[in-house]
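What follows draws every value from the coordinates through simple rules; no lab data is involved. Since the model is a prediction, treat every value here as computed from it, not as a measurement. All Cβ positions, glycine included, derive from the backbone under ideal geometry; neighbour counts span all protein chains shown.
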Amino acid sequence: MGSLHHLREETFELVRVLDPDGNLVGEPAPDLTDEKLLEFYRWMVFARLFDERCLNLQRQGRMGTYAPLSGQEAAQVGSAFALQAEDWVFPSYREHAVTMIHGLPMENVLLYWMGREEGNQIPPDVNVFTVAVPIATQIPHAVGAAWAAKIRGDRRAFIVYFGDGATSEGDFHEGCNFAGVFKVPLVFFCQNNQFAISVPLHRQTASETIAQKAVAYGFPGVRVDGNDVLAVYKVTKEALDRARAGEGPTLIEAVTYRFGPHTTADDPTRYRAREELEEWRERRDPITRMRRFLTARGLLDEEADRAIAEEARQRIAAAVRTVEQKPKAPPESIFDYVYAQLPWNLQEQRRELLEELGRAGATEAGGTAALGARSSGTNAAAGSPAGGMNAAAPGAQGRQGGGR
Ligand SMILES: Cc1ncc(C[n+]2csc(CCOP(=O)(O)OP(=O)(O)O)c2C)c(N)n1
Ligand SMILES: [Mg+2]
C-alpha cells in the first residue's frame, strides 16, 4: 500500500495569532489600529449580548426559534471585518454578527427571527443575501453570483458561510468544483463548530480536516483557530485579496465551538459532554482571549469593558422596542412573498383562512396584492424596516467606520 498517498494533518496546521491567554504567538499580528482592535472587541461583546437577549426573548414567547452564535464571535467578527463594503455575503442562518457588521440593520435580524418577512427585505445598499435555512443551498448561489461578477469584469469578492455539516451536502461539492474550474472570486468560509445539530464532526466526515477538502478541487485550504479574531481576520483578508486579484477561491475552515444549543428547539445536554463544553467555555472563549490581549496592551480596563457591555445592552433594548412596536403581521401574510401570482390552490387556502378568521375580503381573489402593498394596512411595516438601525449596532456607522 506504499504507493497510496495520505494527506497529513500537519499540512493544515492551525493558523494562530493569539493563544488562549491572549499572548501573541505564531503568525505576526495583522496591521490594525488600536481603535480597530477595540472595534473587533466591541462587536464580539455585542454579538454575545445580542445572542443572550434573543434567547431570553424566545423563552418569553417574544421571538420564534432562534439559532445562537455564542462561541463563534471571533470567526464571525474577524471574517466580516476583512470584507470591503462592495463585497457580497451569502450567510446560512447563524451569521447574525457577520450580516450586521456588513450593514444589515439589527431590526432586520430581529424581525426575521420573530417570523416576520420584513426581516428578509434587505436594504438595497447592503450586500447581504437572505438567510438560507436549507443546508448548503447558499453555496451554489454564491458561486453563481461570484462567477457572474467575474464575467462582468467586476472586481468585488464574495464570501459564503456554512457549517461543518454542510460539507456533506452535494451543493458544497458541486459549488467547490465549479468555483475551482472557473476560478471564481469566492471565499468558502466554514465555521466548524464541531456539530451538525447532534452529529459530531467525526461522524460527518472521515477527512482529518475540512480545509484539506479544497485540495481535491484545485484551490487552497486554510485551517484557522476560529476563536482567534486576529487570525481569522488575517486569513480571510488574504483569501479575499486573492479573490479580488483573480486568483480564484479559497476554503477556510475556522475551528470553533458553539456554546449554546443548535437552536432554541434543541437540548445539547443530550449529545455533548459537559466537560467538553466547559473546556471550550473556560479555556477557549474568543471574547476572553481578545479581552486579555487588549488589557495587556493597555487598551481596555474593567471600567471600559463594563461601558462597552452597557452600551451594547442599551442599543439592543432600543432595537427590540422598535421592532415590538410594529403592528403584528396578519396571518394571511404567510401567502405573500413567494409567488408573484398565487397558484389556485393557495388562493383557495388563503380564502379559507380569511373565512376562518371571519374577515371581510374573504371572497376576494388572493395573491394579486403586490409585496408590502396590501390594502388592509395591517402590514404597514413591510417595506420600511431598518430605519437607522445601523445606529443600534456598535460602531454606529456600521462598516463605514473606515480602514478596511
Ligand atoms: C437540506 C437540509 N437538510 C437538513 C436540514 C436540517 N438541519 C438544520 S441545521 C442542520 C445542521 C447543520 O450543521 P452545520 O452545517 O454544521 O451548521 P451549524 O448549524 O452547526 O452552524 C440540519 C441537518 C436542513 N435545514 N436542510
Ligand atoms: Mg456545525
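Quick notes on this structure:
- Most positive-pole-ward Cα, Gly64, Ile334, Val235, against dipole of the chain from beta carbon charges: Ile334
- Label-point separation in nm, Ile151 to Val215, each point 7 Å along Cα→Cβ: 3.3 nm
- In range of the label at Gln60: residues from region 264-296 whose backbone nitrogen is under 18 Å from the point 7 Å along Cα→Cβ: 264
- Positive dipole terminus of region 9-325, leading residue within Ala312, Thr250, Ile139 (C-beta point charges): Ile139
- Full extension of the chain between Arg321 and Arg297 gives 4.9 nm of extra length, using 0.36 nm per residue less the Cα-Cα distance.
- Relative contact order %, region 99-171, counting alpha carbon pairs below 8 Å whose residues are six or more apart: 24 percent
- Look at the alpha carbon pairs under 8 Å that are at least 6 residues apart: their mean separation over the length of the chain gives a relative contact order of 23 percent.
- In this label model, Tyr337 and Glu310 are separated by 3.8 nm, measuring between points 7 Å along each Cα→Cβ vector.
- Dipole magnitude of the chain about its Cα centre (Cβ charges: Lys, Arg +1; Asp, Glu -1), debye to nearest 20: 440 debye
- Taken about its Cα centre, region 120-171 carries a charge dipole of roughly 320 debye when the Cβ of each Lys and Arg holds +1 and the Cβ of each Asp and Glu holds -1.
- Antiparallel bridge percentage (DSSP; both residues within the chain; nearest 5): 10 percent
- Exposure proxy for Cys54, Cys190: other Cβ atoms within 10 Å of each Cβ, ordered fewest to most, give Cys54, Cys190.
- With semi-axes defined as the square roots of five times the eigenvalues of the C-alpha gyration tensor, the equivalent ellipsoid of the chain measures 36, 26, 21 Å, largest first.
- Estimated translational D of region 229-346 in µm²/s (Stokes, Kirkwood radius over Cα pairs; 25 °C; 0.890 mPa s): 123 µm²/s
- Chain lengthening between Thr137 and Glu278 when straightened (0.36 nm per residue, less Cα-Cα): 47.5 nm
- Total lysine pairs whose alpha carbons fall under 18 Å of each other in the chain (8 or more apart, or interchain): 5
- In terms of the mean number of neighbouring beta-carbon atoms within 10 Å, the peptides 181-187, 230-236, 337-343 order highest first as 230-236, 181-187, 337-343.
- Ranked list, fewest to most other Cβ atoms within 10 Å of each Cβ, for Arg116, Arg281, Arg203, Arg292: Arg203, Arg281, Arg292, Arg116
- Centroid-to-centroid, using Cα positions, region 140-205 and region 51-123 are 19 Å apart.
- Top positive-direction residue, dipole computed over the chain with Cβ charges, set Leu300, Ala75, Gln349: Gln349
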